[in-house]
1. When the range B:1-43 is examined, which residues are found to be of a type in the set (D, E, K, R) and surrounded by 13 or more Cβ atoms within 10 Å (Cβ to Cβ)?
2. Would you mind telling me which numbered condition in (1) open to solvent by 40 Å² or more (accessible area, probe 1.4 Å); (2) closer than 27 Å to A:P92 by Cβ; (3) modelled with pLDDT of 95 or more B:S58 fails?
3. Of all strands (runs of 3 or more DSSP E) completely enclosed by the range A:10-111, which ones contain at least 3 residues that are open to solvent by 10 Å² or more (accessible area, probe 1.4 Å) and within 14 Å of chain B (Cβ to nearest Cβ)?
4. Is it true that B:R109 is open to solvent by less than 40 Å² (accessible area, probe 1.4 Å), under 30 Å from A:E9 (Cα atoms) and in contact (Cβ under 8 Å) with a residue 12 or more places away in the chain?
5. Looking at A:N53, A:N12, A:N94, A:N27, which is the one that is on the phi > 0 side of the Ramachandran plot and not aliphatic (A, V, I, L, M)?
6. Restricting attention to the range B:39-54, which residues are touching a strand residue (DSSP E or B) at 6+ places or on another chain (Cβ under 6 Å) and within 21 Å of A:P92 (Cβ to Cβ)?
7. Can you name every residue in the range B:1-23 that is over 12 Å from the mean Cα position of the chain (by Cα), part of a loop (DSSP other than H, G, I, E, B), farther than 21 Å from B:D63 by Cα and not charged (D, E, K, R)?
8. Could you please let me know if B:Y48 is modelled with pLDDT of 95 or more and in a strand (DSSP E or B)?
Amino acid sequence: SQKIEQNSEALNIQEGKTATLTCNYTNYSPAYLQWYRQDPGRGPVFLLLIRENEKEKRKERLKVTFDTTLKQSLFHITASQPADSATYLCAPSNRDDKIIFGKGTRLHILP
Amino acid sequence: DAGVIQSPRHEVTEMGQEVTLRCKPISGHNSLFWYRQTMMRGLELLIYFNNNVPIDDSGMPEDRFSAKMPNASFSTLKIQPSEPRDSAVYFCASTFSEAETQYFGPGTRLLVL
């Protein structure tokens, strides 16, 4: 069955550094992949979507890569700030199919 | 736009009672999703609708769970009878198409005693 793996351990990063989160998937060939941010007590919020024919996507301080050979997506936050502290969920999907969410990685940016 | 609206925000009930969760999707969206989130299992899809029709309910845990979408602006998720293991946060999300960006509501935190 399809499996989405994100680092279950919390990631602690010093403010100003680049935070890199990993999403690996198996038994799956998604056409695209989304990243969401979730703050405590709130629903997930969409950040970025990258398609299988795109190697990289950027939005302000965020960058996502999508390697269909490695079956992996990397999510980078450059010049990290304490306000970036949250749980980040990866969600691959195919067109006309439901999205599958990973369990997420908790990110702590230390001041 | 008010976004996806869910009610109630919090629900505490006793085992065996019926629980009804409500969702109003974003106007114009044609797909609606119900999720359950726990620490152990993460965000699990329970059921989703497209144009008010249930498309995939394979994630519904058992017959105690049922969902309806009588019109494009309203959906309910019902648990009857509720059990302590149903305690979780239930999210509703809507989107223009099934696999594109989803917009989540604030969630309903359910505690079954």
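1. B:E11, B:R22, B:K24, B:R36
2. Here B:S58 meets the rest and fails (3).
3. Qualifying strands (runs of 3 or more DSSP E): A:45-51.
4. In short, no.
5. Being on the phi > 0 side of the Ramachandran plot and not aliphatic (A, V, I, L, M) holds for just one of A:N53, A:N12, A:N94, A:N27, which is A:N27.
6. B:L43, B:E44, B:L45, B:L46, B:I47, B:Y48, B:N50
7. Matches in the range B:1-23: B:A2, B:G3.
8. No: the conditions fail for B:Y48.
The values are calculated or read from the model by the stated rules, or taken from the named source; none is laboratory data. Bear in mind the structure is a predicted one, so any value in this text is a computation, not a measurement. When we count neighbours, we look across all protein chains shown, and the Cβ atoms used for this are built from the backbone with ideal geometry, even at glycine. Heavy atoms of the whole protein, side chains included, go into the accessibility calculation; ligands, DNA and RNA do not. Shrake-Rupley method; radii C 1.70, N 1.55, O 1.52, S 1.80 Å.
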